[in-house]
Amino acid sequence: MARADSDVRLSDVRTPTLVRLIARASAAQLDAVAASDAARRVVLAEVFDRMSAHLRADRAHRTSAVVHWRIGCQHTEVDAHEWFQTVIDDGACTTGTELDRAPRVTLTVDMADFVRLATGITGPVRLLATRRLRIRGDVRYAIRLAGLFEIPAA
C-alpha cells in the first residue's frame, strides 16, 4: 500500500486498481493504514467519495435511507472511531462526516474489514457471522446495502 505522504493521490487511481491493491494488501498493511491518522483519513475519504459513482440507480431508485458508519480504529493509541453518513434517496447517494439525519441503520466495523466490505472482498453476512460487523437498526436493509452498489471485481 502507498504511503500517505507519497506523491500518489488515491483519487488518481482507477477504482478497479484500488480494489486490486486492497485485495492484495496483507492484514498488517491494512492495520498500518488504520493506525496512521493521515492514511486512514485519506483511504476512508476516498472510499466514501466513490460511493455515489458506484450506486446502482436501477436498484436504489425506490430507496430512501440513511446509514451511519462507525469505523473502528483500534490499532491507534486511542481506541477511536471515524463516523460517516451515507444518504441514499431515490437513486442518488451522498456521503459525508456530518451526522445530520437519523439513521435507518448504524454499522460498526473495523477499518480493515470496512475496506474489504466496500471493495467486495468480503460480504456483510460473513462479517456478521464472525461478529466483525455489528448492526443496529434495520438488519435486513444492512444486508441488502452492498447489493445497491456496483463493486468492481478484484
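Bear in mind that the values in this text are calculations on the coordinates, not laboratory data. Given the structure is predicted, the values throughout are model-derived calculations rather than measurements. Glycine also receives a Cβ, built like all others from the backbone with ideal geometry; neighbour counts cover every protein chain displayed.
Taking neighbour Cβ counts within 10 Å as the exposure measure, how do H68, H54, H61 sort from fewest upward?
Details: H68 19, H54 15, H61 10.
By the 10 Å Cβ count, ascending, the order reads H61, H54, H68.
Treating the beta-carbon of each Lys and Arg as +1 and of each Asp and Glu as -1, no other charges, what is the dipole magnitude of the chain about its Cα centre, to the nearest 20 debye?
Once rounded to the nearest 20, the dipole reads 700 debye.
Give the longest segment of the chain that steers clear of trypsin sites (Lys or Arg not before Pro) in DSSP loops with at most 14 neighbouring Cβ atoms within 10 Å, not counting the sites themselves.
By the stated rule (loop sites, at most 14 other Cβ atoms within 10 Å), 15-55.
May I ask you to evaluate 6.51 cos²θ - 1.76 cosθ + 1.60, the Karplus curve with θ = phi - 60°, for each residue of the stretch 43-53 and list the ³J(HN,Hα) values in order in whole Hz, giving x for glycine and proline?
With coefficients 6.51, -1.76 and 1.60, one gets 5, 4, 4, 5, 4, 5, 4, 7, 4, 4, 5 Hz.
With each pseudo-label sitting 7 Å past Cα toward Cβ, what's the A35-T94 distance in nm, one decimal?
About 3.8 nm separates the two model spin labels.
By how many nm would the segment from R20 to E150 lengthen if fully extended, with 0.36 nm per residue of separation less the alpha-carbon distance?
Working: separation 130, 0.36 × 130 = 46.80 nm, distance 1.51 nm.
Result for the pair: 45.3 nm of gain on full extension.
For the residue pair D12 and A57, what label-to-label distance in nm results when each label sits 7 Å from Cα along the Cα-to-beta-carbon direction?
The answer from the label model is 3.0 nm.
Translational diffusion coefficient, Stokes-Einstein: compute it for the chain using the Kirkwood radius over C-alpha pairs as Rh, at 37 °C and 0.692 mPa s, and state it as an integer in µm² s⁻¹.
Details: Rh = 15.8 Å.
It diffuses with D of about 208 µm²/s by this estimate.
What residue among P103, P124, P16 has the largest mean-square fluctuation in a Gaussian network model of the chain, using Cα springs under 10 Å?
Among P103, P124, P16, the largest mean-square fluctuation in the Gaussian network model of the chain belongs to P16.
Along the stretch 111-118, what does the Karplus equation 6.51 cos²θ - 1.76 cosθ + 1.60 (θ = phi - 60°) give for ³J(HN,Hα), rounded to whole Hz, x for Gly and Pro?
With coefficients 6.51, -1.76 and 1.60, one gets 4, 4, 5, 4, 5, 5, 5, 5 Hz.
Go ahead and estimate [θ] at 222 nm for the chain from helices alone: -39,500 (n - 2.57) per DSSP H run with n ≥ 4, summed, over the residue count, rounded to 500.
Numbers: 7 runs with 62 residues, N = 154.
For the chain, the value works out to -11500 deg cm²/dmol.
Counting alpha carbon pairs within less than 8 Å and at least 6 residues apart, what relative contact order, in whole percent, applies to the chain? Write down the numbers at each step before the final one.
Numbers: 250 pairs, mean separation 38.5, N = 154.
It comes to 25 percent, rounded to a whole number.
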